[in-house]
1. Please list, in order, the residues from segment 237-264 whose amide nitrogen is less than 17 Å from a point placed 7 Å along the Cα→Cβ vector of Glu318.
2. Computed FRET efficiency, Cβ-Cβ of Asp262 and Trp215, R0 22 Å: what is it to the nearest 0.05?
3. How much length would be gained if the chain were fully extended between Phe13 and Ile146, taking 0.36 nm per residue of separation minus their Cα-Cα distance, in nm to one decimal?
4. Return the loop-located GluC sites (Glu not before Pro) in segment 81-175 (DSSP other than H, G, I, E, B) with at most 11 other Cβ atoms within 10 Å of their own Cβ; answer none if there are none.
5. Under the rule of -39500 (n - 2.57) per DSSP H run of 4 or more residues, summed and divided by the residues of the chain, what mean residue ellipticity at 222 nm is obtained, to the nearest 500 deg cm²/dmol?
6. Work out the FRET efficiency for Glu108 and Ser3 from their Cβ-Cβ distance, taking R0 = 30 Å, and round it to the nearest 0.05.
7. Under a 5 Å amide H to amide H cut-off, with H placed in plane at 1.01 Å, what residues pair with Glu144 once short-range neighbours are removed?
8. Read phi for every residue in segment 230-244 and hand back ³J(HN,Hα) as whole Hz from Karplus 6.51 cos²θ - 1.76 cosθ + 1.60, θ = phi - 60°, with x for Gly and Pro.
Amino acid sequence: MLSPTKYLSLMAFELMIVRQTARLQRFPLWRGLHRDITASVSLHETGEGSPLTLSVEFETPYLRRPVAIDESQIGTGDDGGVLQPGAFRFFDWHSWSHIPGRITWHNERRVTLHGNPIISAEGFSYRVNRLPPGVENIGLRIAEGIPGSIRFTRGDDLVTMGFEPGYWMLEPNEEGYRIVPIHDNDLLLLIVSLSELGSNDATTHGNAQCRLKEWLSSHQVHRSPERRMLDLLRYVRDWGPLGMPLMYQGIINVLENLSVTDRERVLFEFYADHWGIRSNRNGRLLAVRLLDQMGTKSASAALRELLRYARHRVTDPEELNIIQRAARERPGKHDPGNGDSGTASPHPTRSVQPLHTN
């Protein structure tokens, strides 16, 4: 057992290494030597419909020693313990909306730095009594921005350092949830850009479109435009906020940069390929909502064919209802530049050759 003096000296030495190696991130060959402040995350549940308790413990990256983080950047609890979030978000991955809960701080410390009172904690527990209806994948964010940063007390100062990973996804499985840390910076940028694509703020929405267009312009440029379109669709299916309506128009605008001449057919086949052994409801509904958003005559024809296709399969009533609403006759935006003659009628047998979307 280390004495308090030796423990503080060891912590100071490790944090010095974290700060000094941060400059290595500019060099690809040396980037792996640097690590940022991190956390240990665990989720506890006692059964379906029971409360969920998320436990987060902040740690140093190499020796995994506890670090006291400034509470105010994570959020503040009201008198009943309900969190008013700051940098922390426990959210529905598909809608990006925060899931309210009660927070309990671990090992709180109260200090005064330069005349200002600071309350820090080594971690917290977050309790959600019941998830909102329809929530499947859950997201967790406890850092600020890309790359993430986090503040903690060291001596007589409040120090800002990098934090990783910026996001976790909690995927439901037979045992409860599988916690997936998002370490890939490119994927992290893509995830956040997709979430901002669903924003009502025009500037945020426009900036997200620009970042996604830049991503497409540099992502696997040796592949055909159709294959790159499928790459983006897979990312959106797995990581996008599918509950944000504005995201779909943004994706359509981004895809225009690829000059795919028959996007309706690609979306039709993307839908059909998510049946059978590759059954994925999110993939199917992504295709339906994008076709609905396109509004071309070819898209309307594809939606009507999808409806006929779905009626001959065992389809969830809610999913079938979404397809029916999208397939209703309505005025569409005819785009002659996209080769839309109004006569296209893709046939489900074209999906026999899989597109290997998984």
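1. The answer is 241-245.
2. Values: r = 23 Å, r/R0 = 1.03.
The pair Asp262/Trp215 has a calculated efficiency of 0.45.
3. Working: separation 133, 0.36 × 133 = 47.88 nm, distance 2.60 nm.
Net length gain for the segment: 45.3 nm.
4. Taking segment 81-175 and a limit of 11 other Cβ atoms within 10 Å, the loop GluC sites (Glu not before Pro) found are Glu174, Glu175.
5. Details: 10 runs with 128 residues, N = 358.
About -11500 deg cm²/dmol.
6. Details: r = 23 Å, r/R0 = 0.77.
The value I calculate is 0.85.
7. Sorted by chain and number, the residues that satisfy this are Ser149.
8. Here the 3J(HN,Hα) series is 5, 4, 5, 4, 5, 4, 5, 4, 8, 10, x, x, 5, x, 9 Hz.
Read-outs: derived from the displayed coordinates by stated rules, not from any lab. Note that the structure is a prediction, hence the values are computed from the model and not measured. Glycine also receives a Cβ, built like all others from the backbone with ideal geometry; neighbour counts cover every protein chain displayed.
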